[in-house]
1. Go through the stretch 2-58 and report how many residues are out of contact with any Pro (no Cβ under 6 Å at 6 or more places or on another chain) and not in a loop (DSSP other than H, G, I, E, B).
2. Filter the stretch 48-68 down to the residues that are open to solvent by less than 30 Å² (accessible area, probe 1.4 Å) and touching a residue at least 40 places away in the same chain (Cβ under 8 Å), then identify the one that is farthest from Met1 (Cα to Cα).
3. Quick one: in the stretch 1-18, which of the residues that are of a type in the set (D, E, K, R) and at pLDDT 95 or above is farthest from Ala81 (Cα to Cα)?
4. From the list Glu44, Glu83, exactly one residue is free of Cβ contacts under 8 Å to residues at least 40 places away in the same chain and of a type in the set (Asp, Glu). Which is it?
5. Report, by residue number, each residue of the stretch 19-46 that is charged (D, E, K, R) and at pLDDT 95 or above.
6. Hey, Ala80 hits all of (1) of a type in the set (A, V, I, L, M, F, W, C); (2) exposed (fewer than 12 other Cβ atoms within 10 Å of the Cβ); (3) not in a helix (DSSP H, G or I) but one; which does it fall short on?
7. Any residue in the stretch 1-20 that is open to solvent by less than 60 Å² (accessible area, probe 1.4 Å) sitting within a Cβ distance under 8 Å of a residue that is outside any helix (DSSP H, G or I)? List the pairs, counting only those 6 or more apart or interchain.
Amino acid sequence: MPELTPVQREVLRALVDTAVPALPVDDDPTGFWSTPGSAVGAHEAVEQFLSTVVPEADFLGIQQLLDGMTMLGFQHQERAAREAILGSAAALA
(Lines give C-alpha, C1' and ligand atoms only; values in the text may rest on other atoms or scores of the structure.)
Protein backbone atom coordinates (compact mmCIF):
# COMPACT_ATOMS: atom_id res chain seq x y z
CA MET A 1 0.00 0.00 0.00
CA PRO A 2 1.38 3.44 -0.88
CA GLU A 3 1.91 6.02 1.86
CA LEU A 4 1.08 9.70 2.05
CA THR A 5 3.88 12.13 1.29
CA PRO A 6 4.85 14.75 3.89
CA VAL A 7 2.96 17.42 1.92
CA GLN A 8 -0.14 15.22 1.65
CA ARG A 9 0.06 14.76 5.43
CA GLU A 10 0.13 18.56 5.85
CA VAL A 11 -2.99 18.88 3.71
CA LEU A 12 -4.72 16.07 5.62
CA ARG A 13 -3.87 17.79 8.91
CA ALA A 14 -5.32 21.09 7.60
CA LEU A 15 -8.40 19.22 6.39
CA VAL A 16 -8.91 17.68 9.84
CA ASP A 17 -8.47 21.10 11.48
CA THR A 18 -11.05 22.53 9.10
CA ALA A 19 -13.58 19.86 10.06
CA VAL A 20 -12.70 20.03 13.78
CA PRO A 21 -11.35 23.56 14.35
CA ALA A 22 -10.14 25.23 17.50
CA LEU A 23 -13.00 27.47 18.61
CA PRO A 24 -12.54 30.50 20.84
CA VAL A 25 -15.02 30.13 23.70
CA ASP A 26 -14.82 32.39 26.74
CA ASP A 27 -15.99 29.82 29.26
CA ASP A 28 -13.75 26.86 28.35
CA PRO A 29 -11.96 25.82 31.56
CA THR A 30 -10.75 22.48 30.14
CA GLY A 31 -9.73 23.80 26.72
CA PHE A 32 -12.14 21.43 25.00
CA TRP A 33 -13.40 23.96 22.45
CA SER A 34 -9.94 25.42 21.76
CA THR A 35 -8.45 22.04 20.83
CA PRO A 36 -8.26 21.35 17.08
CA GLY A 37 -8.65 17.83 15.74
CA SER A 38 -4.98 17.48 14.93
CA ALA A 39 -4.02 18.19 18.55
CA VAL A 40 -5.61 14.90 19.56
CA GLY A 41 -4.17 12.96 16.62
CA ALA A 42 -7.28 12.78 14.45
CA HIS A 43 -5.20 13.31 11.29
CA GLU A 44 -3.01 10.34 12.25
CA ALA A 45 -6.08 8.16 12.86
CA VAL A 46 -7.51 9.14 9.46
CA GLU A 47 -4.19 8.34 7.76
CA GLN A 48 -4.04 4.96 9.50
CA PHE A 49 -7.61 4.21 8.38
CA LEU A 50 -6.80 5.23 4.82
CA SER A 51 -3.69 3.09 4.69
CA THR A 52 -5.18 -0.02 6.27
CA VAL A 53 -8.88 -0.15 5.40
CA VAL A 54 -9.41 1.79 2.18
CA PRO A 55 -8.76 -0.19 -1.04
CA GLU A 56 -5.54 0.81 -2.80
CA ALA A 57 -7.33 2.27 -5.84
CA ASP A 58 -9.38 4.53 -3.57
CA PHE A 59 -6.26 5.46 -1.59
CA LEU A 60 -4.59 6.56 -4.82
CA GLY A 61 -7.63 8.71 -5.60
CA ILE A 62 -7.42 10.30 -2.16
CA GLN A 63 -3.75 11.03 -2.79
CA GLN A 64 -4.71 12.78 -6.03
CA LEU A 65 -7.32 14.82 -4.16
CA LEU A 66 -4.75 15.84 -1.54
CA ASP A 67 -2.31 16.77 -4.34
CA GLY A 68 -4.99 18.94 -5.94
CA MET A 69 -5.62 20.66 -2.62
CA THR A 70 -1.86 21.23 -2.34
CA MET A 71 -1.93 23.05 -5.68
CA LEU A 72 -4.50 25.41 -4.16
CA GLY A 73 -2.28 25.97 -1.13
CA PHE A 74 -4.99 24.50 1.08
CA GLN A 75 -2.61 23.74 3.94
CA HIS A 76 -1.46 27.39 4.10
CA GLN A 77 -4.91 29.02 4.03
CA GLU A 78 -6.88 30.38 6.96
CA ARG A 79 -9.84 28.30 8.11
CA ALA A 80 -12.43 30.45 6.29
CA ALA A 81 -10.59 30.02 2.98
CA ARG A 82 -10.25 26.27 3.56
CA GLU A 83 -13.99 26.07 4.25
CA ALA A 84 -14.69 27.95 1.01
CA ILE A 85 -12.45 25.58 -0.96
CA LEU A 86 -14.25 22.58 0.52
CA GLY A 87 -17.62 24.19 -0.20
CA SER A 88 -16.66 24.72 -3.83
CA ALA A 89 -15.41 21.15 -4.13
CA ALA A 90 -18.63 19.82 -2.60
CA ALA A 91 -20.69 21.84 -5.07
CA LEU A 92 -18.93 20.05 -7.92
CA ALA A 93 -19.99 16.62 -6.69
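1. Qualifying residue count for the region: 31.
2. Per the stated criteria, the residue is Leu66.
3. Kept after step one, since they are of a type in the set (D, E, K, R), are these residues of the stretch 1-18: 3, 9-10, 13, 17.
Still in the list and also at pLDDT 95 or above: 9-10, 13, 17.
Values: Arg9: 19, Glu10: 16, Arg13: 15, Asp17: 13 Å.
This residue is Arg9.
4. Details: Glu83 fails: free of Cβ contacts under 8 Å to residues at least 40 places away in the same chain.
Testing whether each residue is free of Cβ contacts under 8 Å to residues at least 40 places away in the same chain and of a type in the set (Asp, Glu) leaves just Glu44.
5. The initial filter retains those residues of the stretch 19-46 that are charged (D, E, K, R), namely 26-28, 44.
Glu44 - this is the single residue of the stretch 19-46 that is charged (D, E, K, R) and at pLDDT 95 or above.
6. Unmet for Ala80, out of (1) of a type in the set (A, V, I, L, M, F, W, C); (2) exposed (fewer than 12 other Cβ atoms within 10 Å of the Cβ); (3) not in a helix (DSSP H, G or I): (3).
7. Within 8 Å, the pairs are Leu12/Leu4; Ala14/Gln77; Val16/Pro36; Asp17/Pro36.
The values are calculated or read from the model by the stated rules, or taken from the named source; none is laboratory data. For clarity, every value in this text was computed on a predicted model and none was experimentally measured. Because the Cβ atoms are built from the backbone with ideal geometry, glycine has one as well, and the counts that use them run over all protein chains shown. These accessible areas exclude ligands, DNA and RNA; they are computed on the full protein's heavy atoms, side chains included. Shrake-Rupley method; radii C 1.70, N 1.55, O 1.52, S 1.80 Å.
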